């Protein structure tokens, strides 16, 4: 697995050229969500029913970070949809019904609402299905957030790996890095900006020390290093991200000047 989280630590240490806007706020205001591509592969002519379905999808996707196209492909027995991000295949879907809710879900609506309301970040805890491991990691997360001076502006949400309503979100999270699908450990994703998910903390790596480092990253002054090489990936979501509320982290820092030097 890539050491993406440790890259975040290194970036956080290179903030001598930073501006005063915090990372979480700058990304929400200034960094558009990276786009996905959904391709409808077909062989031969497309029926009128298929055209109507695809037109409906394309209309639905207008406010999402998703482009849609149809591609004729020889030697396929049945049409299908394929989702790509940065030219990497994420998932394949066999029918129109399978992709209808690809850009939204109840938990994504909740997380986006938190980010737009001025929260610093959302800590998304993806469970492994192993009760003992999941409880241990969750306890470390809850303790870390409770002891943070930014606890009021950090949201925590839990997600079951086999959740049917959130199957698309789970799939995207497990594609944040190439090998996550094969790892049966709880995972902690820091979500910020316009639904950007950092490379996760895994299993024993979900510790108070590492969670504090992640929070330090979100509360750090932004810099050209971060702007030019933003860690993590965008999650597919249907939103224009217009008119976010002011970042609440600024109020906490104004009231507690000592935190500026923590």
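The values are calculated or read from the model by the stated rules, or taken from the named source; none is laboratory data. Keep in mind that this is a model prediction, so the values were computed, not measured. When we count neighbours, we look across all protein chains shown, and the Cβ atoms used for this are built from the backbone with ideal geometry, even at glycine.
Table for the structure above
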| read-out | value |
| --- | --- |
| Unique match (being crowded, with 18+ Cβ neighbours inside 10 Å and modelled with pLDDT of 85 or more) among 85, 41 | 85 |
| Residue satisfying all of: in the range 39-87; touching a helix residue (DSSP H, G or I) at 6+ places or on another chain (Cβ under 7 Å) and part of a strand (DSSP E or B); farthest from residue 112 (Cα to Cα) among these | 70 |
| Among residues of the range 90-106, those that are assigned to a helix (DSSP H, G or I) and crowded, with 18+ Cβ neighbours inside 10 Å, counted | 1 |
| Candidates 141, 124, 201 - the one that is more than 25 Å from residue 34 (Cα to Cα) and at pLDDT 95 or above | 141 |
| Members of the range 108-133 found to be in a helix (DSSP H, G or I) and either more than 15 Å from residue 232 (Cβ to Cβ) or not assigned by TED's automatic domain parsing to the domain that holds residue 206 (or both), listed by number | 108, 109, 110, 112, 113, 114, 116, 131, 132, 133 |
| Every residue from the range 149-176 that is under 26 Å from residue 219 (Cβ atoms) and modelled with pLDDT of 95 or more | 154, 155, 156, 157, 158, 159, 169, 172, 173 |
